[in-house]
Amino acid sequence: MKYDVKDMKLAEKGKLRIEWAGAQMPVLNLIKSRFAKEKPLKDLKIAACLHVTTETANLMQTLRAGGADVVLCASNPLSTQDDVASSLVKHDSISVFAIKGEDNKTYYEHIISALAVKPTMTMDDGADLVSLIHTKKKDLISGIIGGTEETTTGVIRLKSMAKDNVLAYPIIAVNDAQTKHFFDNRYGTGQSTIDGIIRATNILLAGSAMVVAGYGWCGRGVALRAKGLGAQVIVTEIDPIKAIEAAMDGFQVMPMSAAVKSGQVFVTLTGDINVIRKEHFLKMKDGAIICNSGHFNVEIDIVTLQKMSEKKRLIRDFTEEYTLPGGKRIYLLGEGRLINLAAAEGHPASVMDMSFANQALSAEYLVKQAKLLEKQVYSVPKNIDENIAALKLRSMGVTIDKLTTEQVNYLASWEMGT
Ligand code: ADE
């Protein structure tokens with residue numbers, strides 16, 4: 001079995017942490033038990049390019065229980081948990097190609113190594129597998145029945161491929177399931193981003209001015225949690241509807257050019273490039289802390305920050321100090337990569353439970369339905385989404401009401417009024 005991980009001696013620690021996460025993933029565990037009996041993924045070869053975390057390990061074990069052969073590589077150079085990677089190799093005999101801190105060249109070599117299994121299905125977080133297959137590994141396309149995509153950025157990339165008629169197989173957009181983005185993007189990113197900022201810096205958020213760039217589901221989560229910790233939150237947006245929502249949620253809304261004057265901590269969650277750039281660095285206050293929680297490390301113009309700076313030093317793990325002419329210091333966290341996975345551990349297991357339940361059930365759906373699908377990006381079927389919500393509620397001990405027959409009839413009729 002081929003693999004490339006940091007240190008096999010970390011495997012025992014990884015095994016325990018994977019077990020700990022698994023205990024908070026009841027929905028995925030139910031799926032795993034059923035998969036073990038029914039083997040719906042028999043004969044499938046899945047190449048997964050995901051953040052290599054304890055939660056992902058539980059997903060890999062579930063796919064394996066379903067009968068699939070799985071190979072895993074990292075979907076970000078800084079998000080790998082090395083103990084998890086080695087545990088998957090040692091205890092689950094799963095090929096893993098991922099080392100925390102790998103350089104860009106190794107990152108892409110690892111993706112190529114994962115693709116060497118000639119997958120019949122791809123599972124992406126950011127569409128790097130699909131993108132490589134469609135550019136450098138086109139020979140694999142004929143063997144692939146379909147794929148899944150975990151994240152907003154990946155779905156945007158894939159939809160633009162479908163629009164240009166270049167997408168060569170169907171994709172299920174797991175991100176678009178309500179049981180994914182309402183919870184993972186909002187509460188998962190909300191908590192884990194703050195966790196990453198605090199672990200990297202140990203600053204007090206109460207009373208600090210925190211600028212959240214982007215008020216999508218992820219930005220909403222971060223703004224909400226930062227407010228809860230007592231920060232004065234400023235939101236920047238380009239979308240007027242999201243901007244009104246932020247204003248009515250009680251946040252100050254202004255352009256980045258104004259926010260830089262008072263902001264102390266900046267987080268980008270927009271999915272676009274150069275959201276914080278030269279004109280902003282020039283106006284920032286001494287000591288400003290900047291980080292990103294969007295999928296790619298493109299939201300902060302780090303190349304320009306580097307060029308503008310006279311000095312750079314690593315002052316704490318994941319905290320780099322850039323000194324500009326005149327002595328102003330700007331602190332960049334996690335090299336501008338996803339701060340929640342670079343400096344913390346990503347979203348907690350109980351929220352990944354729903355995201356990865358969607359992944360597992362979408363893989364099963366593709367096995368049954370792929371032949372009937374076009375080369376397009378599809379939503380997770382509504383019944384899967386609702387079933388996951390129902391199972392999650394049950395696991396939380398929450399019960400809800402049912403419509404009475406009278407209420408069902410009322411909703412179905414158009415004649416009844418007051
Ligand atoms: N994305 C965000 N948090 C994650 C986690 N804990 N595991 C895998 N992918 C993630």
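Among the residues of the stretch 73-90, what is the count of those that are surrounded by 24 or more Cβ atoms within 10 Å (Cβ to Cβ) and within 11 Å of the ligand (Cβ to nearest atom)?
Residues flagged as surrounded by 24 or more Cβ atoms within 10 Å (Cβ to Cβ) and within 11 Å of the ligand (Cβ to nearest atom) within the stretch 73-90 amount to 6.
Would you be able to tell me the number of residues in the stretch 214-249 that are among the β-branched types (V, I, T), assigned to a helix (DSSP H, G or I) and surrounded by 19 or more Cβ atoms within 10 Å (Cβ to Cβ)?
Number satisfying all stated conditions: 1.
Looking at the stretch 360-388, which of the residues that are crowded, with 17+ Cβ neighbours inside 10 Å and among the small types (G, A, S) is nearest to N165 (Cα to Cα)?
Filtering first and then ranking leaves A370.
Condition first: outside any helix (DSSP H, G or I) and under 21 Å from the mean Cα position of the chain (by Cα). Can you find one or more residues in the stretch 1-11 that meet it?
No, every residue in the stretch 1-11 fails to be outside any helix (DSSP H, G or I) and under 21 Å from the mean Cα position of the chain (by Cα).
Output the residues belonging to the stretch 159-180 that are under 16 Å from D124 (Cβ atoms) and part of a helix (DSSP H, G or I).
Selection gives K159, S160, M161, A162, V174, N175, D176, K180.
Within 21 Å of the chain's Cα centre (by Cα) and assigned to a loop (DSSP other than H, G, I, E, B): does that describe V267?
No: the conditions fail for V267.
Answer yes if at least one residue in the stretch 42-61 is touching a residue at least 60 places away in the same chain (Cβ under 8 Å), within 15 Å of the ligand (Cβ to nearest atom) and in a loop (DSSP other than H, G, I, E, B), and no otherwise.
Yes; the residues of the stretch 42-61 include at least one that is touching a residue at least 60 places away in the same chain (Cβ under 8 Å), within 15 Å of the ligand (Cβ to nearest atom) and in a loop (DSSP other than H, G, I, E, B).
Just to verify a result, which residue in the stretch 347-381, among those that are more than 16 Å from the ligand (Cβ to nearest atom) and among the acidic types (D, E), is farthest from the chain's Cα centre (by Cα)?
E374
Kindly provide the set of residues from the stretch 62-72 that are touching a strand residue (DSSP E or B) at 6+ places or on another chain (Cβ under 7 Å) and either touching a residue at least 60 places away in the same chain (Cβ under 8 Å) or more than 15 Å from the ligand (Cβ to nearest atom) (or both), ordered by number.
L63, R64, A68, D69, V71
Take the residues in the stretch 159-196 that are away from the ligand (no atom under 16 Å from the Cβ) and surrounded by 24 or more Cβ atoms within 10 Å (Cβ to Cβ); name whichever of them is nearest to G221 (Cα to Cα).
Ranking the candidates gives I172 first.
Just name the residue that is surrounded by the most Cβ atoms within 10 Å (Cβ to Cβ) out of those in the stretch 114-158 that are assigned to a loop (DSSP other than H, G, I, E, B), more than 16 Å from the ligand (Cβ to nearest atom) and among the hydrophobic types (A, V, I, L, M, F, W, C).
Looking at the filtered set, the residue picked out is I144.
Residue-by-condition table, conditions (1) of a type outside the set (A, V, I, L, M, F, W, C); (2) over 23 Å from M254 (Cα atoms):
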position	(1), (2)
L282	no, no
K285	yes, no
E299	yes, no
Q306	yes, yes
T319	yes, yes
L361	no, yes
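Would you mind stating whether I111 is under 24 Å from G294 (Cα atoms) and touching an Asp or Glu at 6+ places or on another chain (Cβ under 9 Å)?
It is true that I111 is under 24 Å from G294 (Cα atoms) and touching an Asp or Glu at 6+ places or on another chain (Cβ under 9 Å).
Check whether at least one residue in the stretch 325-341 is assigned to a strand (DSSP E or B), within 16 Å of the ligand (Cβ to nearest atom) and buried (at least 20 other Cβ atoms within 10 Å of the Cβ), and report yes or no.
Checked against the condition, which is being assigned to a strand (DSSP E or B), within 16 Å of the ligand (Cβ to nearest atom) and buried (at least 20 other Cβ atoms within 10 Å of the Cβ), the stretch 325-341 yields at least one hit.
FYI, it's all coordinate maths here, none of it is from the lab. Keep in mind that what you see is a predicted model, and the values were worked out from it rather than measured. Quick reminder, even Gly has a Cβ in these numbers, built from the backbone with ideal geometry, and neighbours come from all protein chains shown.
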